[in-house]
1. Do we find a residue being basic (Lys, Arg) and at pLDDT below 85 anywhere in the range 219-231?
2. Can you tell me which residue among MET208, MET230 is open to solvent by less than 70 Å² (accessible area, probe 1.4 Å) and over 20 Å from MET348 (Cα atoms)?
3. Determine which member of the set PHE323, PHE337, PHE345, PHE369 is at pLDDT 80 or above and either over 23 Å from ARG249 (Cβ atoms) or open to solvent by 10 Å² or more (accessible area, probe 1.4 Å) (or both).
4. Here are THR120, THR83, THR129: which of them is closer than 26 Å to ALA50 by Cα, touching a residue at least 60 places away in the same chain (Cβ under 8 Å), open to solvent by less than 90 Å² (accessible area, probe 1.4 Å) and of a type in the set (Ser, Thr, Tyr)?
5. What are the residue pairs meeting all of these: first residue in the range 166-178, first residue under 12 Å from ARG192 (Cα atoms), second residue among the aliphatic types (A, V, I, L, M), Cβ atoms under 7 Å, and 6 or more apart or on different chains?
6. Please name all residue pairs, on different chains or six or more residues apart, with Cβ atoms under 6 Å, provided the first residue is in the range 47-60 and is at positive phi and the second residue is open to solvent by 20 Å² or more (accessible area, probe 1.4 Å).
Amino acid sequence: MTQASGADGTPAVFVVSPAEAQATALAAELPGTEVRWVADGDQLLREAHARIPQVVLLYSQVPGTPLGQVLGILRQRAELASTHWLAVGSSGLGDLLAAGADALIGDTTPPPALAAQVRTLLGRAAQQTHLQERLTRLQGRLDGWEHDEQVRDQLVHMLVHDLKNPIAAVIGLLQIVEDDDGLSNESRELLRLCRDESQHLLHLTVNMLDVRKIQAGKMNLRRELMFSPMFEEVIELARGDVGSSLRERRVGVQVARDLNPVSADPEILRRVLANLLSNALKHSLSGSAITVSVQAERGGGGVRLSVRDHGEGIPAEDIPNLFAAFEQSRLTLHGRFDTGMGLAFCKMAIEQHGGRIWVESVRGEGSEFFMTLPYAQDPEDGDDDDYAELLT
């Protein structure tokens, strides 16, 4: 096995020269350093496999295989990346420089001056080795963190995916039981509460799955041309997704007539609106108003959707991180902690459509979430085939 230094950490300097006296003179100036004489290029190839030098002096007049060729070979070895190569001579240094020599020095340089140059290169080599070792350790830690993160993601995905179907089954069974005419009003109310909480849990699991899909680039939008009537239909479906608790709010819907079409995935948009309606429900009191609006965006670039509530409002310090997953962990008016996963999904989904989302809020007066969706591209803009495909 190749060693970078001696057992006691002594650095190594190879002197590749026709005369051993040059190595002996340098060794006298470098106490604490192993100075090794190497007679020619072929021996250098062998020695560099047994012992990694920190500095190599290459005298240009060495007989045998040209040192330029040998240096070209050694420069390709990864374990010699920290080695510094010093070309020594008065002629023929061009080939060594072209092969990768780090510095040039004359062969008439006195041993003390030559030793000073070698010490400088030894310092650089030591620093480079230290940085490389540190980089290797950091890379190892990073690889470990990435592996742990991948394992955690896989476990979360399996857990959430396995939860989704049982929760949906529970919701369906609760609905069947709730329709029993023999139930008392008190039992029916408890069942409704169980169903709403199960629906909330289902929303959490689905949002977690979708956030992962978007982050991994695996969610493909199924775009359609959406006109005013389809927006009304999507909003109505989203209201149904939220659950029966929404009946305790006065929900108003305002959709402008004859909107220019946008290219969007109706199912994804439905779930974005369901998340925003659920958010408005959680942060407002029974009997208060929630308004869903779809209007042409000012400036004519697209459609602007909004969901407004008249609830508790959002603290100003929470707004910058509101759309980051797990950043909205605050207690709602109804005693439930909000993870913020739904808003993280909304942001990713709207941005994937080419739009943007933001919120305006006054503490104690309510909040309004805004989203924009760009109009479908007109054929005059150059994408005739894409536009025609959307129309079919």
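The values are calculated or read from the model by the stated rules, or taken from the named source; none is laboratory data. Note that the structure is predicted; figures quoted are calculated from it, not measured. Positions of Cβ are backbone-derived with ideal geometry, glycine not excepted, and every protein chain shown enters the neighbour counts. When the accessible area is computed, the model is the full protein with side chains, heavy atoms only, and any ligands, DNA or RNA have been set aside. Shrake-Rupley method; radii C 1.70, N 1.55, O 1.52, S 1.80 Å.
1. No, that holds for no residue.
2. Answer to the check: MET230.
3. The unique qualifying residue is PHE323.
4. Checking each option against the conditions leaves just THR129.
5. Short answer, once both residue conditions are applied: ILE171/LEU202; LEU174/LEU191; VAL177/LEU191; GLU178/LEU191.
6. From the range 47-60, no pairs qualify.
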